[in-house]
Amino acid sequence: MEDPMAAIRETFFQECEEQLAELEAGLIAMENGTAEVETVNAVFRAVHSMKGGAGIFSLDALVRFAHVFETALDKVRSGDLAATPPVLAVFLRAADVLADLVRAAREGGSVDETRTAALVEEFNHINDAGANAPPVPPAPAAAPPPETTDGLFEDAPQPPVWKIVFTPRPELYAKANETALLLRELSRLGEMRVTLDAAHLPDLNVLDPEGAYLTWHIELVSDCDESAIQHVFEFVEDDCTLEITPPVAPGFAPGTVITGDNGFKFEFFPPAEDEPEAEAAPEARAPDPTTEAPVPAVKEIPVPAAPKSPAVEAMAAKAETAAAVSATIRVDLDRVDRMIDLVGELVINEAMLSQRVMEAGINRASGVAMALEELEHLTREIQDSVMAIRAQPVRSVFQRMPRLVREVAAQTGKQVRLITEGEGTEVDKTVIERIADPLTHMIRNAIDHGLESTEKRLEAGKPAEGTVKLTALHRSGRIVLEVSDDGGGINRARVKQKAIENGLIAPDAQLSEEEIDNLIFLPGFSTAAKVSDISGRGVGMDVVKQSVTALGGRISIASRPGRGSTFTLSLPLTLAVLDGMVISAHGHTLIIPLGAIVETLKPRAQDVFPLDREINVLALRGGYVPMVDVAASLGYCDQFVEPEQSVALLVEGEGGVRAVLLVDAIHGQRQVVIKSLEANYRAVPGIAAATVMGDGRVALILDVDAVVRNARSEAGRVEARADLPALEAN
Amino acid sequence: MSTTVLTVDDSRAMRDMLRHSLIAAGFRVLQAEDGVHGLEVLETETPDVIVTDINMPRMDGFGFIEAVRRDETRRAMPVLVLTTEVDVEKKNRARAAGATGWIVKPFDPVKLVDAIRRVAA
Amino acid sequence: MPNSMQTDANSRELIAFRVGRQEFCINVMMVREIRGWTAATALPRAPRYVRGVINLRGAVLPIVDLAVRLGLPATDPTERNVIIVVQIAHQQIGLLVDAVSDILTASDSNIQTSPDVSSDLVKTFVKGLLPVDGRMISLIGLDNVLPASELEAA
C-alpha cells in the first residue's frame, strides 16, 4: 500500500520541477522583452505555489527563500519594482537557488548556504528599494510568513455564546444515556464552560439511586446553529429539560478567527449585506435531525441505495477527480513499455503471417491477402500510436540549458543570450533521455570556443552579448537539433594545422572547407589552446559525435568565418525501432542501420588496391577507404569475396571514420524492432543488437562503428597513417 | 449523504492534499485546476462548499468568487479561500468578491475540515 | 510417468534427457519449456557450443549445444531434436539435446558423487551420478553453461 503522503510529496516535487521550468522560461522572456502581462503573474505564481506546497511539508528553508523571492516578484507584479536587467539577473540566479533547494529537499543533501544568504541579502536590497516596501525579515524563524491580518479584527464582534440549561430526567439515565458523553459531544461544537447545579441533590439517605437531581448550565462558544446543539440532545430530548438560548446574532459569527499552531488561520467574513440567507438559514433546516451536516436546498447529489464500501467510495471519488481535473491520465512507464514490446511482437507476427500467406501461393487479389493488407495497415497504425504515447517534447531538455548557459557564461566571463526554438518538438523518450549530454556539450562548446571574448566581439563591431541559438525540428522522419552561435566561426587554418600536428591528416592533404570544419570531430582533436574544463573536461567534439552515432544519429558543422558556426544533429525519433538495410553476407542475413550508410557503390576492379594480403583499399574521390568484408570481419568465413563481385556500402562510423563494407547482396530496407542480445546472452563484438524477421528467424544488426574501428586498426597496423592521406576526412 | 466540496487550486500537490484530507473526513470531493475550470465544474455540480486558491492561471480566485456570486442560485454557496497570501488588501478583495472565509496555508487538515463543516452546516 | 524412488524432505524432481549415448538430468524447477528444434542464427565469434540465437516469442534466446559443452561430438540437429528452455538467474537459454527421456524424483541420498578420475569438464558440470534401473544418469549444474566472459569467446 502506497503511503498517500509520500505520493503527494512526490507530486509536489514533480510540480516544483514544472514550476521551476515555468519560472525560468518566464524570467527569460522578461529578460528578452518578450514577456506579456500574464508572464509576470505566471512567474509570481510559480514561486508562490512552491512556497505554499513547501509549507505543507515543512520545508522551511524552501519556504523562507521562496517567500523572499515572492515578495520581490510581487513588487514587480504590482509595479512597485521595475524588472531591470540587474533585477532580472538576481531573479534568474534566485531561480537556480530555488531549484537547488527543491532538489536538496527532494533528495536530501545540502545547498550552498553562502550563495543563498548572498541572494537573500540582494533581495533585501531590492525589496527595500521598492516603493512603500515593508522590510523583509532577513530569515523568519518559523516556516509560515508573518501574519498581517490584525487590522481586520480590531472591531470584530464577540464570539457567539449559546446558553444551554440541561436537566436530565430519570428516564434519561434509565435509557443508558450518559450525561458525560452528551457533554463531550456538545464540546465538539466549540469551547464550553460548564457549571453543575447540584442544589436539588438530596441527602444520601433519601437519594433515589435511579433518580435525577442535577442540572448543567453550559456556555458554548460556537458559531454552530441551533440544530447542531439539538442534534447532540437528539436522543434524550424527551427525557430531559433543555433550554437553548441563542447568541445575539444567530448563525456563524463574522470575524471568528481560529488559529492553529502551524500557522493555520481561518476566519469567517461577515455575510455580504444583500446575501440572501433565507434558503440556507439554520432555522429552516433545524427540524431535520437525521443528517449531521444539513443540506442546502440547492444541492442535488444522487443518494446511493445502500452504503458503499470504502473502496467503492474511493474509486468513485477517483473517478470524479479524473473527470473533473483534466483529460490526461498518468500511466506507469512500465505499462507503456510493455505495450510497445507487445506491439513489436504484433508487427513481427504480422510480417510472419504475410510471408506464410505468400509462400502458400495465395492470390494477391484474394480476400485473405486483402484482409492481411488491412491488418498490416492497422498494425503500423497501432505501432505509430503506441510510439506516440512515449513521445515527449524536447522542452524538458531545453529547459536545462538556460542555467547551463548562465554558468558557462559566468565561468568564461562572456555575455551570452540563449534563444530556443521548437521546444514542443516531440521525440521518443528513449531519445530524449540521451540527447541532454550531447546538447550540453555542444552548447558549452559554442560558448567556450564558438563565441569570442567580449573585447574581441567589440573590436569586430559585434554586440558585446553573444547569441547561442538552440533549435529543434522534425525533418524527414528524424529530429534535427541545431546549435548555432554568432561567434568567430571555425579558424580553418588553425584546425588544419592542428590536424597535421596530430598526424590526423597528411601535411599536403587537400581538403575542402567543409572537410576541414569536420576535422574537429576526429578523436583526440581539440582546438582549445589549453584544455578547458568547460567544454567537456578535456574531451572534444569527437565524444559528442561518438555518443550521437551510437544513437543512430549524425552530426555536422557549417561555419562562416566571422559569422559563427552551426552544429546540426540529426537523430532517429525512437531507439525502439530502427530503419535498416537488409543484406546477406556468406549466407547470413544481417541488418545495417540506414543511418550509418552514406551510399551504395559498385566497386570497379581498377579502384581496388591491396595494402597487404588482408586489407584492400578503395580509391574513392581522391582518397583511399579501407574495405571490410563483412562476413570475414564477423568470422563467418575465412575467404574474402572478390570486391567486384560484391555490393559495397560506404559507411561512416564514430568520428566520421569511413569504410566500405562488402556484402553479397542487398535485400531492401525495412523498419526493424530492436531486440537486446544482452538480455539472455551478452554483448557480441561487431553486433549492435538483434531483431526478428518476417520468417520468425533472428537477424543480427551490425555494429558499424565496431566493424569500421576494427578495420581501421588493422589498416593502421599494416601501414603508417600518413600513407593513407585524407583517410578520415574523405 | 456526504457533503460535497469543490476544491479549486492550480497545484496538483495541493489538490491531492486537499482531496486526501477531505475524503478521509468523509466529504465527496470535486476538483478544478483554476477559476475557469471551477466554473465548468459548477455547470454540472452543486457542491456544498467551495475551497479556492487565489493565485491561479486563467482566472484567479477573486474572479472565480465574483463569477460564482453573479449566479443567483449560488449566492448562498459558501466559498472559503485557502491561500498563502497574507496581504490585508488581498483579504479585503476576497471579502468584497463574496468569499465566506479565509484560510491561510499551510493548512491544518483537521481545522480545514472543521471550517468546512461550519460553513456547510 | 514419474519414476518414483525414495521420497523424503530432500527429494526433488529432475528431468532426464539424452545427449548422444549418455543421459543427463537437471532440476525440473529450472525448466521453462521444451520445444522442438528450429534453425538458429549463428553468432559471430561465439564459442563452438553456442549454436546461435532463436526467436522465442519475441525474446532472443541463445542455444547451447549441450553435447559440445560437455565435450561430446557436436549434435547435428534435426526436427526430432529438442530444446529445453531453462532459466539461469535472470537469463533464459535453450539447451539443445537429443530427446527428453524421463522425469525422476530423487533425494540427496540417491545421488552419488562422480569418481575422481573424471575430466575437468565433467567436474565443472556434473554434480553427481544417479543410478536408475541399471542406467547411469549424470546430474548437471548449469551455472557455467554460458561463456563466463568475453575472453573465453575470443
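The values are calculated or read from the model by the stated rules, or taken from the named source; none is laboratory data. What you see is a predicted model; the values in this text were computed from it and never measured. Don't worry about glycine lacking a Cβ; one is built from the backbone with ideal geometry, like all the others, and counts go over all protein chains shown. Ligands, DNA and RNA are stripped out before the accessible areas are found, and what is left, the full protein with its side chains, is counted by its heavy atoms. Shrake-Rupley method; radii C 1.70, N 1.55, O 1.52, S 1.80 Å.
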Exercise. May I ask you to say which residue of A:421, A:459, A:407, A:433 is closer than 27 Å to residue A:551 by Cβ, at pLDDT 90 or above and either of a type in the set (Gly, Ala, Ser) or open to solvent by 20 Å² or more (accessible area, probe 1.4 Å) (or both)?
Key: A:421
Self-check item: Residue ID - farthest from the other protein chains (Cβ to nearest Cβ), chosen from residues in segment A:139-196 that are modelled with pLDDT under 50 and outside any loop (DSSP other than H, G, I, E, B)
Solution: A:153
Exercise. Identify all residues within segment A:54-95 that are in contact with a Phe, Trp or Tyr (Cβ under 6 Å, 6 or more places away or on another chain) and basic (Lys, Arg); write none if there are none.
Key: A:77
Quiz item: Any idea how many residues of segment C:34-61 are in a strand (DSSP E or B), open to solvent by 50 Å² or more (accessible area, probe 1.4 Å) and within 7 Å of chain A (Cβ to nearest Cβ)?
Solution: 0
Quiz item: Can you name the residue in segment A:411-438 that is polar (S, T, N, Q) and closer than 11 Å to residue A:398 by Cβ and is also farthest from the chain's Cα centre (by Cα) among such residues?
Solution: A:420
Exercise. Identify, from the list A:46, A:104, A:94, the residue that is at pLDDT 85 or above, surrounded by fewer than 18 Cβ atoms within 10 Å (Cβ to Cβ) and closer than 30 Å to residue A:6 by Cβ.
Key: A:104
Quiz item: Residues of segment A:360-386 being closer than 30 Å to residue A:572 by Cα and in contact with a helix residue (DSSP H, G or I) (Cβ under 7 Å, 6 or more places away or on another chain), which ones?
Solution: A:372, A:375, A:376, A:379, A:382, A:383, A:386
Self-check item: Segments classed as strands (runs of 3 or more DSSP E), wholly inside segment A:543-589, with at least 2 members that are farther than 29 Å from residue A:456 by Cα, modelled with pLDDT of 90 or more and of a type in the set (Gly, Ala, Ser)
Solution: A:577-585
Quiz item: Assuming residue B:46 fulfils every condition listed in (1) within 9 Å of another protein chain (Cβ to nearest Cβ); (2) open to solvent by less than 20 Å² (accessible area, probe 1.4 Å); (3) of a type in the set (S, T, N, Q) apart from one, which condition is it?
Solution: (2)
Quiz item: Of all residues in segment A:213-233, how many are within 13 Å of chain B (Cβ to nearest Cβ) and open to solvent by 60 Å² or more (accessible area, probe 1.4 Å)?
Solution: 2
Practice problem: Would you check which residues across segment A:49-74 are open to solvent by 20 Å² or more (accessible area, probe 1.4 Å) and not hydroxyl-bearing (Ser, Thr, Tyr) and list them? | Solution: A:56, A:57, A:59, A:60, A:61, A:64, A:67, A:74
Quiz item: Yes or no: residue A:536 open to solvent by less than 30 Å² (accessible area, probe 1.4 Å), within 36 Å of the chain's Cα centre (by Cα), farther than 30 Å from residue A:433 by Cβ and at pLDDT below 90?
Solution: no
Exercise. Go through segment A:234-255 and give me each residue that's open to solvent by less than 30 Å² (accessible area, probe 1.4 Å) and either of a type in the set (Ser, Thr, Tyr) or modelled with pLDDT under 70 (or both).
Key: A:251, A:253, A:255
Quiz item: Where residues in segment B:1-13 are outside any loop (DSSP other than H, G, I, E, B) and either over 12 Å from the mean Cα position of the chain (by Cα) or more than 9 Å from chain A (Cβ to nearest Cβ) (or both), which of them is nearest to residue B:61 (Cα to Cα)?
Solution: B:8
Quiz item: Looking only at segment B:18-43, which residues are closer than 23 Å to residue A:53 by Cα, in contact with a Ser or Thr (Cβ under 6 Å, 6 or more places away or on another chain) and more than 8 Å from chain A (Cβ to nearest Cβ)?
Solution: B:18, B:27
Self-check item: Condition broken by residue C:25, with the remaining ones in (1) under 18 Å from residue A:701 (Cα atoms); (2) touching an Asp or Glu at 6+ places or on another chain (Cβ under 9 Å); (3) of a type in the set (A, V, I, L, M, F, W, C) satisfied
Solution: (1)
Quiz item: Just checking, how many residues over segment B:24-38 are under 27 Å from residue A:19 (Cα atoms), part of a helix (DSSP H, G or I) and open to solvent by 40 Å² or more (accessible area, probe 1.4 Å)?
Solution: 1
Exercise. Sort out which residues of segment C:78-96 are in a loop (DSSP other than H, G, I, E, B) and either among the small types (Gly, Ala, Ser) or open to solvent by 20 Å² or more (accessible area, probe 1.4 Å) (or both), and write them in order of number.
Key: C:78, C:79, C:80, C:89, C:90
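One line per residue, one yes/no per condition, for (1) in a helix (DSSP H, G or I); (2) open to solvent by 10 Å² or more (accessible area, probe 1.4 Å); (3) modelled with pLDDT under 85; (4) more than 9 Å from every other protein chain (Cβ to nearest Cβ):
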site: B:16; (1), (2), (3), (4): yes, yes, yes, no
site: B:66; (1), (2), (3), (4): yes, yes, no, yes
site: B:69; (1), (2), (3), (4): yes, yes, no, no
site: B:93; (1), (2), (3), (4): yes, yes, yes, yes
site: B:114; (1), (2), (3), (4): yes, yes, yes, no
Quiz item: Name the residues in segment A:381-405 that are touching a residue at least 24 places away in the same chain (Cβ under 8 Å) and either in contact with a Gly (Cβ under 6 Å, 6 or more places away or on another chain) or of a type in the set (D, E, K, R) (or both), would you?
Solution: A:390, A:393, A:395, A:400, A:403
